[in-house]
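Report on the following structure.
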């Protein structure tokens with residue numbers, strides 16, 4: 001199922017094959033900042049979404 005970056009209900013990006021790809025492309029386009037998960041407890045040390053994203057109401061959701 002393809003994923004895209006949304007702000008509230010507005011689709012901001014093209015569709016990508018995985019949620020991880022959608023976040024990576026948003027990071028590359030400087031729409032978001034991804035930071036390393038220091039604890040690694042939730043993502044196994046992978047990149048995680050920065051806290052500020054919640055304030056901007058960005059989300060990565062499946063495209064239906």
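The values are calculated or read from the model by the stated rules, or taken from the named source; none is laboratory data. All values reported here derive from a predicted model rather than from experimental measurement. Cβ: placed from backbone, ideal geometry, glycine included. Neighbour counts: every protein chain shown.
Which residue pairs have Cβ atoms closer than 7 Å, lie 6 or more positions apart in sequence or on different chains, and pair a first residue in region 1-12 that is on the phi > 0 side of the Ramachandran plot with a second residue that is surrounded by 10 or more Cβ atoms within 10 Å (Cβ to Cβ) and part of a loop (DSSP other than H, G, I, E, B)?
Partner pairs satisfying both residue conditions: 8/57.
Tell me which strands (runs of 3 or more DSSP E) are completely within the chain and hold 2 or more residues being surrounded by fewer than 16 Cβ atoms within 10 Å (Cβ to Cβ) and modelled with pLDDT of 80 or more, or say none if there are none.
Answer list for the chain: 58-62.
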